[in-house]
Amino acid sequence: MKQEVNYIKQKLCNISIEEFDALDEVHEFSEKYKENKKEMLKEYRKNIYKPSKGKYKAAVAAVVLIISAPIVTNAATNGEFFNRIWGNSGKENIASHSEVIYDKEKGTSYTVTYPQKEYVGIEPEKAEELIGDSVSYKPVVKKLGDTTLSVISVVYDGNAAVVEFTLEKKGGVDALEYSQLNNESKGAYFSDNADFYFDFEDCNGNIYVDLDKSTEDTLYCYNYMTMNSYNNGIKQLTLNTYKYPCTRGELYSASDKKYKKYMAETKTSSTSITANKEVQKIEFANKGGGFASISPLSLKIDMNTGLGLSEEEAYDPYNAYYVSVNYKDGTKYIVHEHEMEGLHSCDTETDNSSYSCGSTENNLTFVFNRLVDVDNVESVTVNKTKYVLK
C-alpha cells in the first residue's frame, strides 16, 4: 500500500517530544488527537530508546576521561567551526523534494515531501561577537565498548543548546543510523547494532551528522537541542551514558526476565558539562502579552497567548504555520512555513530550523540553522501575529 505523507505533519513525530516525559499530565483533548499522540510516542520510543531512570541500579560506572586540553583545536579554526554548525560549510541549500519511504515493519510505502532548507554563511568575527564568549571547549571523552564518544564543544541559552561531538570506532562506526534524508528530517538515531546509548538530561534534540567531514571510522555530529520547560535556567548540561551487555536489537527482543538481567548489568554514568556562560536572550511580546524569547541560537514562543488558539490548538506545534524573524533592514529569516487550510497558503513549505520542540506548557522552541543578530531584530511574526521588543 502506498500513501502520501506531508513532511511537516510527519515531523510531528519528533517536533513535540517533551510531553513524552510527562504522560501522567491530564489533558482534555479529542480521541483522535490522543490516538495521534500515542502513535507518535510509539515511533519515538522505537527510534530513540533510553532506560527509565532509577528503575535499575547500574552494576559499574562506565569509563570516563575528562581532558583539559582540547581534542580539536576549534579556537584556532573558528571560521570552519561556526560555519559547519551554524553556516553553510559542507551543506547545500535543499529544494523541496519527494521521496518514497518503505516501512519494513508495516509493509507499506509512502511518499514524503520534504520542505526546502536554506543555509547561510557566517563571518567568524560576527559569530565570535554573538556567541564566542559562551562556547565552551572543554572536551569530555567516554569509552563505550569499541566506540569512543568525544564531546568537543557546548553552547546554550537556557532554552536551547548545541553540542558538537564525535563518535570513533576502528573498522567503522555502526552505532548510528544516518543519511542525508535523516539530516533533513528527524536526525540520526541509534541503530539496533549499538551496544550503548547516551543523551543530555532534560533535553530533546536532533543529531545532524556532518557527511562532508565524517569518515567511516569517525562521525562528526552536531546535536541541536531544546531544554525541557520544567528545567529552564540550568547552568550546565548533564551527559548520561548507558553501556549495555548486548546490542539494542537484542535488548528490544529479550524476554522480560532477560531484559531485567540486561538492565541490571547495564553500566551507566553521568557527567556535568558547563558552558562558559549563557547566551543572551531578548524578550519580545505580542499585543495580548504572549512572549517570544529570542537569542542568536533559538526562538521560544508562548503559544497560549495572543495567537487566538484554543488550549488544544496551542498544544499542537502544527498550528504555528508561519514563523519569521524580521530584521531592521527589511529582510526576513523565515524559520518555518507550511500551508494551513483556510488560514495560510504558500508555494513551497520551508523549514529553516535545526530542531523544534513543543512543551506541555504550550511553548514552542525552534533551534535556528544559523546565528541571529538579535540587536538587528525589529520584530518576530508567528502566523499573523507580530511580537515587538518589550
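The values are calculated or read from the model by the stated rules, or taken from the named source; none is laboratory data. Worth saying up front: this structure is predicted, and the values here are computed from it rather than measured. For neighbour counting, all protein chains shown are included, and Cβ atoms are generated from backbone atoms with ideal geometry for every residue, glycine included. Heavy atoms of the whole protein, side chains included, go into the accessibility calculation; ligands, DNA and RNA do not. Shrake-Rupley method; radii C 1.70, N 1.55, O 1.52, S 1.80 Å.
Flag set for Y189, criterion: more than 20 Å from S272 (Cβ to Cβ), open to solvent by 30 Å² or more (accessible area, probe 1.4 Å) and not small (G, A, S).
The rows are residues; the columns are (1) surrounded by fewer than 20 Cβ atoms within 10 Å (Cβ to Cβ); (2) at positive phi; (3) part of a loop (DSSP other than H, G, I, E, B); (4) touching a Ser or Thr at 6+ places or on another chain (Cβ under 7 Å).
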| residue | (1), (2), (3), (4) |
| --- | --- |
| D212 | yes, no, yes, no |
| T215 | yes, no, yes, no |
| Y222 | no, no, no, no |
| M263 | no, no, no, no |
| A275 | no, no, yes, yes |
| Q280 | yes, no, yes, yes |
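Looking across Y252, Y230, one residue alone is assigned to a helix (DSSP H, G or I), within 30 Å of L389 (Cα to Cα) and modelled with pLDDT under 95. It is Y230.
Here is a yes/no grid of residues against (1) charged (D, E, K, R); (2) more than 24 Å from the chain's Cα centre (by Cα):
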site	(1), (2)
N228	no, no
L251	no, yes
K257	yes, yes
N276	no, no
Q280	no, no
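Residue count for region 314-340 satisfying the condition of being open to solvent by 10 Å² or more (accessible area, probe 1.4 Å), outside any strand (DSSP E or B) and over 24 Å from M227 (Cβ atoms): 6. Restricting to region 328-365, name every residue that is among the hydrophobic types (A, V, I, L, M, F, W, C) and under 23 Å from the mean Cα position of the chain (by Cα). Result: I334, V335, C357, L364. Screening the candidates S310, S270 for the property of being within 22 Å of the chain's Cα centre (by Cα), open to solvent by 20 Å² or more (accessible area, probe 1.4 Å), modelled with pLDDT of 95 or more and over 24 Å from I131 (Cα atoms) yields one hit, S270. Residues of region 98-133 that are open to solvent by 20 Å² or more (accessible area, probe 1.4 Å), part of a strand (DSSP E or B) and at pLDDT 95 or above: Q116 alone.
Scanning region 353-374 for residues that are closer than 19 Å to I94 by Cβ, open to solvent by 10 Å² or more (accessible area, probe 1.4 Å) and not in a strand (DSSP E or B) turns up just one, R370. Entry remark, region 284-298: residues being buried (at least 21 other Cβ atoms within 10 Å of the Cβ) and free of Cβ contacts under 8 Å to residues at least 60 places away in the same chain number 0 in total. Each residue in region 102-123 was checked for being touching a residue at least 40 places away in the same chain (Cβ under 8 Å) and within 24 Å of the chain's Cα centre (by Cα), and 11 pass.
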